[in-house]
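Structure record follows, encoded as structure tokens.
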Amino acid sequence: MEKSNSLPFLSVIVLLLHVSNSLTTPTRESIHDTFLHCLQSHTTNQPDHVSNIVYAQTNTSYTSVLRAFARNARFSAPSTQKPLLIVTPLSENQVQATVVCAKSIGLQLKIRSGGHDFEGVSYISQVPFIILDMFNFQDVTVDVQNEIAVIQAGASLGQVYYRIWEKSKVHGFPAGACPTVGVGGHLSGGGYGNMIRKYGLSVDHVVDAKIVDVKGRILDKESMGEDLFWAIRGGGGASFGVILSYTVKLVPVPENVTVFQIDKTLEENATDLVVQWQKVAPHTDDRLYLRLVLQPVSSNFVKGKKTIRASVEALFLGEADELVKLLGQEFPLLGLKKELCHEMRWIDSVVWWANYNDGSSVNALLDRNHYSVHSNKRKSDYVQTPISKDGFTWIWKKMIELGKVSIVFNPYGGKMNEVPSDATPFPHRAGNLYKIQYTVSWQEPGAAVEKSFLSQIRVLHNYMTPFVSKNPRSAYFNYRDLDIGINSHGKDNFEDGKVYGIKYFNKNFERLVKVKSAIDPENFFWNEQSIPTYPRSNA
Ligand SMILES: Cc1cc2nc3c(=O)[nH]c(=O)nc-3n(C[C@H](O)[C@H](O)[C@H](O)COP(=O)(O)OP(=O)(O)OC[C@H]3O[C@@H](n4cnc5c(N)ncnc54)[C@H](O)[C@@H]3O)c2cc1C
Ligand SMILES: *[C@@H]1O[C@H](CO)[C@@H](O)[C@H](O)[C@H]1NC(C)=O
Ligand SMILES: *[C@@H]1O[C@H](CO)[C@@H](O)[C@H](O)[C@H]1NC(C)=O
Ligand SMILES: *[C@@H]1O[C@H](CO)[C@@H](O)[C@H](O)[C@H]1NC(C)=O
């Protein structure tokens, strides 16, 4: 089998463990056995139980376990490389054993929590690998008295919001709008949502963490030290170890908040609206978040004509009357009227933002499968100087010509301007007006369709070059995009890592490399876009 060449060390172990076996090269079954033996010998509590947490490819449940948290259909083709084993630990000790055993048999370990990585980095690979699936770690323990919550890595954001709301109607947490996103990836990579202008990122509220390092040790804030604790608040978890949980500080939210959505097309002067949005959204009251979604659609006014629809979606941490007055002054082109506003409980605004407009109740936030899997690709950019009206006209023309790609503007300002750019690995703070997210999604199968849509989003991204950040052209780590750079040389990847690392982390890349080199010098925790160790000559 092809694995024998890449895994000489494994062959030795297999031979040792299976002296009575006539095999000379490891089969998938023998990897399974070897791994199980290793897990048993490294599990302190009920070692026999580990046979219930390892799925080999031959297991009848393997495919459903693999697919359960694979959230991008682009990576579910039969030709996609599959893990040799999926390990689904139930205890912290089993996570420790999984790390130690994956390392000792020399297989790459991919860590998955919610599986929302836009490039499938948590569940696919180009080399033989094992998935460590954290979905059983879903506890969210809320302590209202002290305004903190301990959140296990496999919990979803919906579970986090729900569990906080269960205990308090006036507390929340600033994180993403999609309730099925997992904590392990989201919090380790930054995490933003519709309270970003008031409270900043999720990582700005992390006060402790528990991680399993490459030696299989469980570390908390105190024992991991300042550097590693800094790194796993935005630098991604997967380069450093396995995040077991984060302890976060809750934030106050009003009992009632206000939301609205207003759509205008080019025929309704959407371009002027967008120009004015740029002057308001990053600078207004920090209780107000005005997301702007721009999509090519068919015109309602001229049959057969394409236009751009601009949708302003808002969350205001306050009442409708105050909001109508504020935007009447600052954003008159929006034409906001009280009838368009919806006042609701904060938790209902979470459901509203999730687009669960199918009559779903708050309980839907607990449903990890409330997600229709489709193929998609995302890219990101940062805008630091306002785009002119002519600029937008030029952009609309291209978007209409391409036809399928949408862009979303996420305004910054407020708290984002106050947090120093090196406080966490996430560097895109003061000086950024808004982030652009490029989106293309499709249901149609087939390589030709995929090729066309991927090409469209790349063309638009390229077309936007004059309007966005340069040197580096920055990107948001949690909007994983392998186009901006990839490890092509396996573990000796410093030069590769620099390419994407500087775009994601700007000047913070250097400190991330330092932390990485100290905590995982042999680079066991590596992936397509992990933080590299120092090149060997420097080490
Ligand atoms: C529909 C959708 C909506 C989104 N909305 C937002 C949003 O509003 N705001 C925002 O900021 N982002 C958003 N994202 C991006 C999201 O934050 C990232 O994809 C995030 O990494 C997902 O975390 P996960 O645990 O679900 O992903 P996974 O695919 O499980 O993991 C992502 C990465 O983190 C690593 N990782 C996961 N768990 C662990 C762990 N326990 N220890 C160490 N490493 C780990 C993985 O190995 C992988 O490299 C969205 C994504 C999707 C698909
Ligand atoms: C599949 O794997 C699970 C988890 O290890 C195990 O409990 C189950 O018995 C296996 N099923 C079969 C048919 O091997
Ligand atoms: C929130 O809204 C409800 C229903 O409209 C109302 O009864 C309640 O008094 C409001 N709470 C506050 C603090 O204004
Ligand atoms: C668009 O702007 C023009 C020029 O300012 C104005 O005359 C027109 O009424 C506006 N159209 C709409 C639908 O607001």
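The values are calculated or read from the model by the stated rules, or taken from the named source; none is laboratory data. Worth saying up front: this structure is predicted, and the values here are computed from it rather than measured. Here the Cβ positions follow ideal geometry from the backbone for every residue, glycine too, while neighbour counts run over all protein chains shown. Side chains are part of the model used for accessible areas, which takes the heavy atoms of the whole protein and leaves out ligands, DNA and RNA. Shrake-Rupley method; radii C 1.70, N 1.55, O 1.52, S 1.80 Å.
Observations on the model:
- Test: VAL248 is more than 16 Å from ligand 1 (Cβ to nearest atom), in contact (Cβ under 8 Å) with a residue 24 or more places away in the chain and farther than 17 Å from ASN478 by Cα: no
- Residues in region 358-387 that are assigned to a loop (DSSP other than H, G, I, E, B) and in contact with a strand residue (DSSP E or B) (Cβ under 6 Å, 6 or more places away or on another chain): ARG368, HIS374.
- Residue within region 475-484 that is more than 19 Å from the chain's Cα centre (by Cα) and not in a strand (DSSP E or B) present: no
- Residue, farthest from the chain's Cα centre (by Cα), within region 510-526, restricted to residues that are farther than 15 Å from ILE232 by Cβ and open to solvent by less than 80 Å² (accessible area, probe 1.4 Å): SER517
- Boolean, LEU39 is in a loop (DSSP other than H, G, I, E, B) and at pLDDT 95 or above: no
- Inter-residue pairs, beta-carbon under 8 Å, first closer than 29 Å to SER441 by Cβ and in a helix (DSSP H, G or I) and in region 271-295, second hydroxyl-bearing (Ser, Thr, Tyr) and open to solvent by 40 Å² or more (accessible area, probe 1.4 Å), 6+ apart: THR271/THR393; VAL275/SER388
Let's see how each residue does on (1) surrounded by fewer than 20 Cβ atoms within 10 Å (Cβ to Cβ); (2) within 11 Å of ligand 2 (Cβ to nearest atom); (3) without any contact (Cβ under 8 Å) to a residue 12 or more places away in the chain; (4) among the β-branched types (Val, Ile, Thr):
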site: GLN46; (1), (2), (3), (4): yes, no, yes, no
site: SER64; (1), (2), (3), (4): yes, yes, yes, no
site: SER79; (1), (2), (3), (4): yes, no, yes, no
site: GLU92; (1), (2), (3), (4): yes, no, no, no
site: THR98; (1), (2), (3), (4): no, no, no, yes
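- Hits in region 435-456 (condition: crowded, with 16+ Cβ neighbours inside 10 Å, among the hydrophobic types (A, V, I, L, M, F, W, C) and over 21 Å from the mean Cα position of the chain (by Cα)): PHE453
- Yes/no for VAL87 being among the aliphatic types (A, V, I, L, M), more than 16 Å from ligand 1 (Cβ to nearest atom) and surrounded by 17 or more Cβ atoms within 10 Å (Cβ to Cβ): no
- Any hit, region 321-336, residues being within 26 Å of GLY158 (Cβ to Cβ) and either of a type outside the set (A, V, I, L, M) or open to solvent by 30 Å² or more (accessible area, probe 1.4 Å) (or both): no
- Answer from VAL515, VAL449 - the residue that is within 24 Å of GLN126 (Cα to Cα) and not assigned by TED's automatic domain parsing to the domain that holds ARG217: VAL449
- Here region 262-309 is the region considered, the condition is being closer than 20 Å to SER388 by Cβ and of a type in the set (Gly, Ala, Ser), and the residue that is nearest to ligand 3 (Cβ to nearest atom) is ALA281.
- Only a single item in (1) open to solvent by less than 80 Å² (accessible area, probe 1.4 Å); (2) touching a Ser or Thr at 6+ places or on another chain (Cβ under 9 Å) is not met by ASN369, and it is number (1).
- Scan of region 138-157 for residues that are under 15 Å from ILE211 (Cα atoms) and in contact (Cβ under 8 Å) with a residue 60 or more places away in the chain, ordered by number: VAL150, ILE151, GLN152, ALA153
- Filtered residues of region 192-233 (kept if on the phi > 0 side of the Ramachandran plot and touching a residue at least 60 places away in the same chain (Cβ under 8 Å)): GLY200, GLY216
- Scanning region 263-298 for residues that are within 13 Å of ligand 4 (Cβ to nearest atom), polar (S, T, N, Q) and either open to solvent by less than 50 Å² (accessible area, probe 1.4 Å) or touching a strand residue (DSSP E or B) at 6+ places or on another chain (Cβ under 9 Å) (or both) turns up THR265, THR271, GLN276.
- Test for ALA539: is it among the small types (Gly, Ala, Ser), at pLDDT below 95 and over 22 Å from the mean Cα position of the chain (by Cα): yes
- Inter-residue pairs, beta-carbon under 8 Å, first free of Cβ contacts under 8 Å to residues at least 40 places away in the same chain and more than 16 Å from ligand 4 (Cβ to nearest atom) and in region 340-352, second among the aliphatic types (A, V, I, L, M) and part of a helix (DSSP H, G or I), 6+ apart: ASP348/VAL362; VAL351/VAL362; VAL351/ALA364; VAL351/LEU365
- Residue in region 374-389 that is over 30 Å from GLY485 (Cβ atoms) and within 16 Å of ligand 1 (Cβ to nearest atom) present: no
- Only one of GLU343, GLU339 that is charged (D, E, K, R) and assigned to a helix (DSSP H, G or I): GLU339
- Test: GLU313 is open to solvent by 10 Å² or more (accessible area, probe 1.4 Å), under 22 Å from MET344 (Cα atoms) and either within 16 Å of ligand 1 (Cβ to nearest atom) or assigned to a helix (DSSP H, G or I) (or both): yes
- Where GLY359 falls short, out of the listed (1) within 16 Å of ligand 3 (Cβ to nearest atom); (2) free of Cβ contacts under 8 Å to residues at least 60 places away in the same chain: (1)
- Options ASN72, ASN93; residue that is more than 16 Å from ligand 4 (Cβ to nearest atom) and under 21 Å from the mean Cα position of the chain (by Cα): ASN72
- Out of ASN462, ASN417, ASN471, ASN432, sole residue that is buried (at least 19 other Cβ atoms within 10 Å of the Cβ) and not hydrophobic (A, V, I, L, M, F, W, C): ASN432
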